[in-house]
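Everything below concerns the one structure shown next.
The values are calculated or read from the model by the stated rules, or taken from the named source; none is laboratory data. These figures come from a predicted structure and were not determined experimentally. No Cβ is skipped: glycine too gets one built from the backbone with ideal geometry, and neighbour counts run over all protein chains shown. Note: accessible area is taken over every heavy atom of the protein model, side chains too, but ligands, DNA and RNA are not part of it. Shrake-Rupley method; radii C 1.70, N 1.55, O 1.52, S 1.80 Å.
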Amino acid sequence: MKLEDKLFLVTFNADNQSHISVKDQAICAQCREKPCINGCPADCWEHEKEKNEVLVSFEGCLECGTCRIICPHGNIDWKYPRGGFGVKYKFG
Amino acid sequence: MADEKFDAIVVGAGPAGLTAAIAMAQAGLEVAVLERGAFAGSKNVMGGIFYRHPLDQLLPEFWKQAPVERAIVEQRYWLLGPNGHMGGGVRSQSFAPETPNCWSVFRSKFDRWLSEQAEQAGVMLLTEATVESLLQENGKVVGVHTSLDDGDLNAEVVVIADGVNSLLLRDLGVHPEIKPNQVASSVKEIISLPAEKIADRFNVEPGQGVSIELFGSFTQGAVGLGFLYSNQESISLGLGILVSDLARLKLKTSDILEALKEHPSIRPLIAGGKTEEYLAHLIPEGGYHAVPRVSGEGWVAVGDAAMLVDNLHREGSNLAVKSGILAGQTIVRAKEKGDFSAAGLAGYQQALEASFVMKDLKKYRRLPHWLESSPQFFNIYPELMNDAGTEFLTVDGAGKREKQNRILKMVSRRRGLWGAVMDAVKGGLKLK
């Protein structure tokens, strides 16, 4: 089963503002490993090669915090979504 | 709201926060619980086993009303190799049905129910309320700043129960940022199956279930564990991998889970099932040495926020409940004395040390570092043990002594006899 199909099963109430962001793209540009991309269980992170920027799609974030911990440069500003927004688990 | 002052504000409606709130409300304290989700439990994830003890001390016979799934009557431990597994387990009717030892549960349903018990005890539950920071005066925590419109709330004491990521403890400077080798990144799927199929596949009576802890080569050499729990009409299948190993070995938890579903020992158990939900969460893995200071001026920390997880026994929610109860009781005494200072709340740390929570974490304090520095348990032994077992039980004309020699050669070639002996000796010492 593809990850995108699994994520389709999850209920989200997406905010119009992101709760996660890169602090400094210059640091990401020099980061060879970019472990945030593989580390995220919901494929929220991607490397946009043209601009050489690391981008995040916060809408499908499962709020686990793996990116926050795995970033070797502490370069991710990570907060919880505002009250009521974000992932809403049926089972948990 | 700023004029009102609660005795206690609890941040986070998980098992730790809610039990702390219930313990305080039962003693007559004015308590508010702030939950960032739409309802208590909507953000909460765990593998899925909840123990009767110690919640039954706070809410006697809670399981007769609570939304539990199956009473676990058999706990299996499987060491997975590439082609199968070797395993053991304990099954006993004394685990059920009168006073079950533990159940499979869904946190989204269970925590919501627990929050209703808290409300009935007099707790004010505010949902959709994200706590953004702690209010402090002269080095003392005096309340919280929330995402609500009129967002500041004051209290004598704040119970920090905001989970494994605990941004509040970090901002308070209690512990530096969590290290990648102190947490596991975990993913889980809920896979639905009819109740009769589950009863047949796991050989259980209605309402009874099986837990299987999974170790082995499926983690691709990373420090990690998997689990498979039977629910009423579904299977919870998941795994956790140490975040530092995810980075080091460039692994993806979602890929490992997908491969695990295809493992020959797992596939028949979930065959024909339909995935209903996919979840992710961090699990504290640092053990005793990762536990931060748990109380201070006007605050206490409970549950995952305080990193209270016993990984070897995959116990977490029971430690959370115990810490919640002890924190609640400490605050009740602090209220009687009118002393919410660090000294007035210090009894919580002492009570935690005297309980099974810190005693167990202390017993296994050497485990996290040992596992992390012993990759052979994840990249050599699982396949070796399975191959040895298969060799021993395969009848191919070779005598049993010859079989024994083949196995010794296997061990010698892949790990070294001396290494294997030392692993066994060290294991005994590290867990004693």
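Going toward the positive end of the dipole of the range B:1-148, with +1 on Lys and Arg Cβ and -1 on Asp and Glu Cβ, which of B:Leu135, B:Ala38, B:Leu80 do you reach last?
The Cα lying farthest towards the positive end belongs to B:Leu80.
Using the crude model of +1 on Lys and Arg Cβ and -1 on Asp and Glu Cβ, and no other charge, please compute the dipole size for the protein assembly as shown relative to its Cα centre, in debye to 20.
On the way: 57 positive and 64 negative charges, 509 e Å.
Dipole size: approximately 2440 debye.
Report the label-to-label distance for A:Lys90 and B:Ala346 in nanometres (one decimal), using points 7 Å from each Cα along the Cα→Cβ vector.
Spacing of the two 7 Å Cα→Cβ label points: 5.2 nm.
So what does the Cα-only Debye profile of the protein assembly as shown read at q = 0.06, 0.12, 0.13 Å⁻¹, as log10 I(q)/I(0), no solvent term?
Each listed q maps to, in turn, -0.29, -1.15, -1.33.
Tally up the carbon and sulfur contribution to the accessible surface of the range A:3-81 as a whole percent, 1.4 Å probe, everything protein left in place.
So the carbon and sulfur contribution to the accessible surface is 46 percent.
Spelling out what I want: for every residue of the range B:245-257, take phi, set θ = phi - 60°, compute 6.51 cos²θ - 1.76 cosθ + 1.60 (Karplus), and round to whole Hz; glycine and proline get x.
Ordered by residue, 3J(HN,Hα) equals 6, 4, 6, 4, 9, 6, 9, 10, 4, 5, 5, 5, 5 Hz.
Could you list which residues have their amide H under 5 Å from that of B:Gln232, counting only those 5 or more apart in sequence or on another chain, with H placed in the peptide plane?
Distant-sequence amide H within range of B:Gln232: B:Arg70.
First compute the accessible area of chain B with a 1.4 Å probe, then give the percent of it belonging to carbon and sulfur atoms.
Numbers: 8820 of 17190 Å².
Heavy-atom surface of chain B belonging to carbon and sulfur, 1.4 Å probe: 51 percent.
Over the range A:3-81, with the other protein chains present, what is the accessible area per residue in square angstrom, probe 1.4 angstrom?
Working: 4110 Å² over 79 residues.
Counting only protein heavy atoms, the per-residue value for the range A:3-81 is 52 Å².
Filter B:Lys322/B:Lys362; B:Lys403/B:Lys432; B:Lys252/B:Lys430; B:Lys188/B:Lys252; B:Lys322/B:Lys359 down to the pairs with a C-alpha to C-alpha distance above 21 Å, please. Please report the intermediate quantities before stating the final value.
Values: B:Lys322/B:Lys362 16 Å; B:Lys403/B:Lys432 33 Å; B:Lys252/B:Lys430 30 Å; B:Lys188/B:Lys252 13 Å; B:Lys322/B:Lys359 13 Å.
Beyond 21 Å between Cα atoms: B:Lys403/B:Lys432; B:Lys252/B:Lys430.
How much accessible area per residue does the range B:347-416 have, in Å², with a 1.4 Å probe?
Values: 4090 Å² over 70 residues.
Roughly 58 Å² per residue, with all protein chains present.
By the scheme Lys and Arg +1, Asp and Glu -1, what is the net charge of all other residues having a beta-carbon under 15 Å from that of B:Glu119? Each step should come with its number before you reach the end.
Numbers: positive: B:Arg112; negative: B:Glu30, B:Glu35, B:Asp111, B:Glu116.
Around B:Glu119, the charge tally is -3.
Listed highest first by mean packing, meaning other Cβ atoms within 10 Å per residue, what order do A:33-41, B:166-174, B:131-139, B:153-161 come in?
Values: A:33-41: 21.7, B:166-174: 18.8, B:131-139: 15.4, B:153-161: 27.0.
Most protected by this proxy first, the peptides run B:153-161, A:33-41, B:166-174, B:131-139.
Please express the shape of the range B:75-189 as an equivalent ellipsoid: the semi-axes are the square roots of 5 times the eigenvalues of the C-alpha gyration tensor, given largest first in whole angstrom. Don't skip to the answer; put the middle values down first.
Details: eigenvalues 298, 105, 34 Å².
The equivalent ellipsoid of the range B:75-189 has semi-axes of 39, 23, 13 Å.
Rounded to whole Hz and in sequence order, give me ³J(HN,Hα) for the range B:262-270 from the Karplus expression 6.51 cos²θ - 1.76 cosθ + 1.60, θ = phi - 60°, writing x for Gly and Pro.
With the stated coefficients, the range B:262-270 comes to 8, 4, x, 8, 9, 3, x, 6, 10 Hz.
Work out the length of the dipole vector of chain A about its Cα centre, built from +1 on the beta-carbon of each Lys and Arg and -1 on the beta-carbon of each Asp and Glu, and round it to the nearest 20 debye.
Values: 12 positive and 13 negative charges, 54 e Å.
Roughly 260 debye, rounded to the nearest 20.
Each label point is 7 Å from the Cα along the Cα-to-Cβ direction; what then is the distance between the points at A:Ala14 and A:Asp77, in nm?
Distance between the two pseudo-spin positions: 2.1 nm.
List the residues of the range A:49-73 for which accessible area in the full set of protein chains is at least 40 Å² lower than for the chain on its own; 1.4 Å probe, protein heavy atoms only.
Correct list: A:Cys64, A:Thr66, A:Arg68, A:Ile69, A:Ile70.
Whole-Hz ³J(HN,Hα) for each residue in the range B:200-215, computed from phi via Karplus 6.51 cos²θ - 1.76 cosθ + 1.60 with θ = phi - 60°, x for glycine and proline: what do you get?
5, 5, 10, 6, 10, 6, x, x, 10, x, 10, 10, 10, 8, 10, 10
Restricting to lysines 8 or more places apart or on different chains, can you count the pairs in chain A with Cα atoms under 30 Å from each other?
26
Roughly what % of Cα-Cα distances in chain B sit above 32 Å, to the whole percent?
Details: 37566 of 93096 pairs.
The answer is 40 percent, as a whole percent.
Based on DSSP H runs of at least 4 residues, each adding -39500 (n - 2.57), what is the mean residue ellipticity at 222 nm of the protein assembly as shown after dividing by all its residues, to the nearest 500 deg cm²/dmol?
Numbers: 21 runs with 178 residues, N = 524.
Mean residue ellipticity at 222 nm (helix-derived): -9500 deg cm²/dmol.
Using label points projected 7 Å from each Cα along Cα→Cβ, tell me how many nm separate B:Asp200 and B:Lys274, to one decimal.
1.8 nm
For peptide B:35-43, what's the mean number of Cβ atoms from other chains within 10 Å of each residue's Cβ? Intermediate values should be presented prior to the final figure.
Working: counts 2, 8, 12, 7, 2, 0, 4, 9, 9.
Mean inter-chain Cβ contacts per residue within 10 Å come to 6.
Please list B:53-63, B:404-414, B:231-241 highest first by mean number of surrounding beta-carbon atoms within 10 Å per residue. Intermediate results must be reported in sequence, preceding the final value.
On the way: B:53-63: 16.0, B:404-414: 14.1, B:231-241: 24.2.
Result, highest mean Cβ count within 10 Å first: B:231-241, B:53-63, B:404-414.
Can you pull out the buried accessible area for chains B and A, both sides counted, probe 1.4 Å, rounded to the nearest 100 Å²? Walk me through the numbers on the way to the answer.
Values: alone 18930 and 6560 Å², together 21930 Å².
Chain pair B/A: roughly 3600 Å² of buried accessible area.
Of all beta bridges DSSP finds with both residues in the range B:29-182, what is the antiparallel percent, to the nearest 5?
Working: 21 of 24 bridges.
Once the DSSP bridges in the range B:29-182 are tallied, antiparallel ones form about 90 percent.
On average, how many beta carbons from a partner chain sit within 10 Å of the beta carbon of a residue in A:34-41?
Values: counts 0, 7, 1, 1, 9, 10, 5, 14.
Partner-chain Cβ atoms within 10 Å, mean over residues of A:34-41: 6.
Please list B:Tyr77, B:Tyr229, B:Tyr364 from largest to smallest accessible area, probe radius 1.4 Å, with all protein chains kept in place.
Values: B:Tyr77 100, B:Tyr229 10, B:Tyr364 35 Å².
Greatest to least solvent exposure: B:Tyr77, B:Tyr364, B:Tyr229.
All other residues with a Cβ under 13 Å from the Cβ of B:Ile241 taken together, and with Lys, Arg as +1 and Asp, Glu as -1, what is their net charge? Numbers along the way, then the final one.
Details: positive: B:Lys188, B:Arg248, B:Lys250, B:Lys252; negative: B:Asp245, B:Asp255, B:Glu285, B:Glu372.
Within the 13 Å Cβ shell, the charges total 0.
Just to confirm my numbers, what's the Cα centroid distance between the range B:105-184 and the range B:211-246 in Å?
A separation of 28 Å, based on Cα centres.
Please figure out what share of the DSSP beta bridges in the protein assembly as shown is antiparallel and state it in percent, rounded to the nearest 5.
70 percent
Considering every Cα-Cα pair within the range A:3-81, what fraction, in whole percent, is farther apart than 20 Å? Please report the intermediate quantities before stating the final value.
Working: 876 of 3081 pairs.
Summing the P(r) of the range A:3-81 above 20 Å gives 28 percent of all pairs.
Which residues' amide hydrogens lie under 5 Å from the amide hydrogen of B:Ser192, considering only partners 5 or more residues apart or on another chain, with H built in the peptide plane?
So B:Ser192 has HN proximity to B:Ile235, B:Lys274, B:Thr275, B:Glu276.
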